[in-house]
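The block underneath contains the structure these notes are about, expressed in structure tokens.
The values are calculated or read from the model by the stated rules, or taken from the named source; none is laboratory data. In this text the structure is predicted, and so the values were computed from the model without any measurement. FYI the Cβ positions are ideal-geometry reconstructions off the backbone, even for glycines, and counts take in every protein chain you see. Just so you know, the surface numbers come from the protein's heavy atoms only, side chains and all, with ligands and any DNA or RNA stripped out. Shrake-Rupley method; radii C 1.70, N 1.55, O 1.52, S 1.80 Å.
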Amino acid sequence: ERPATPQLSVKPENPDKMSTTEQTFIAIKPDGVQRGLVGPIISRFETRGFKLVAIKLVTPGKEHLEAHYADLKEKSFFPGLISYMNSGPICAMIWEGLDAVKTGRTILGATNPLASAPGTIRGDYALQTGRNICHGSDSVENAKKEIALWFKEGEQVSWKSALESWTYE
Ligand code: ADP
């Protein structure tokens, strides 16, 4: 059975804590890098209005990937997931902006690409859960943990976007 298509909502996840500096960790997985999708994926976040504050190409070891996916270590697909993530370079990024975590997930699409709406990254470029091109944090708390795992202090760049007053009211 397919997972439900994510519901689009006009309300930010935490209306009381609306922040234009919310950060999410987005990674282009090895299949996305190999398939030449770094540009199109960056473009979707950039043109939506999010601000790139950190980016690097990395090939993390298995220990790092096991820590990233620690919550899934009991799953039968875990060893395959780790080999897949270890199969080539990953483009690791931090994107910042209003409701970045939840909206980032909407831009990626559902975990299973067959359930992802057209117009989402997975819905436009992928067919299988085991080759779903991209990762995005699923909560603000996990975004903080993932950013701390993937980036060192000093790798984030703080800058003021000239488009800010055209993106936010
Ligand atoms: P998401 O990446 O959308 O947050 P999960 O946290 O559930 O999804 O899973 C993490 C990653 O593990 C998925 O993006 C996918 O690459 C892989 N995965 C999840 N379920 C399966 C599965 N049934 N078979 C193979 N790989 C899977």
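When the Gaussian network model of the chain links Cα atoms closer than 10 Å, the mean-square fluctuations of 39, 109, 49 top out at 39. Across the chain, the mean sequence separation of Cα contacts (distance under 8 Å, 6 or more residues apart), normalised by length, yields a relative contact order of 34 percent. Each residue, residue 157 and residue 138, gets one label point 7 Å from its Cα in the Cβ direction; the gap between the two is 3.2 nm.
Our coupling estimate for segment 113-127, obtained by passing each phi through the Karplus curve with A = 6.51, B = -1.76, C = 1.60 and θ = phi - 60°, is x, 5, 9, 7, 5, x, x, 8, 4, 5, x, 9, 10, 9, 10 Hz, Gly and Pro reported as x. The slack in the chain from residue 48 to residue 20, taken as 0.36 nm per residue of separation less the alpha-carbon distance, amounts to 8.8 nm.
Run the accessible area of the chain with a 1.4 Å probe and give the carbon-and-sulfur part as a rounded percent.
The value for the chain is 53 percent carbon and sulfur by accessible area.
Centroid-to-centroid, using Cα positions, segment 136-157 and segment 43-96 are 11 Å apart. The long axis of helix 140-150 is offset from the longest Cα principal axis of the chain by roughly 60 degrees.
Based only on the alpha carbon positions, what is the Kirkwood hydrodynamic radius of segment 21-169, in angstrom? When all Cα pairs of segment 21-169 are included, the Kirkwood radius is 15.7 Å.
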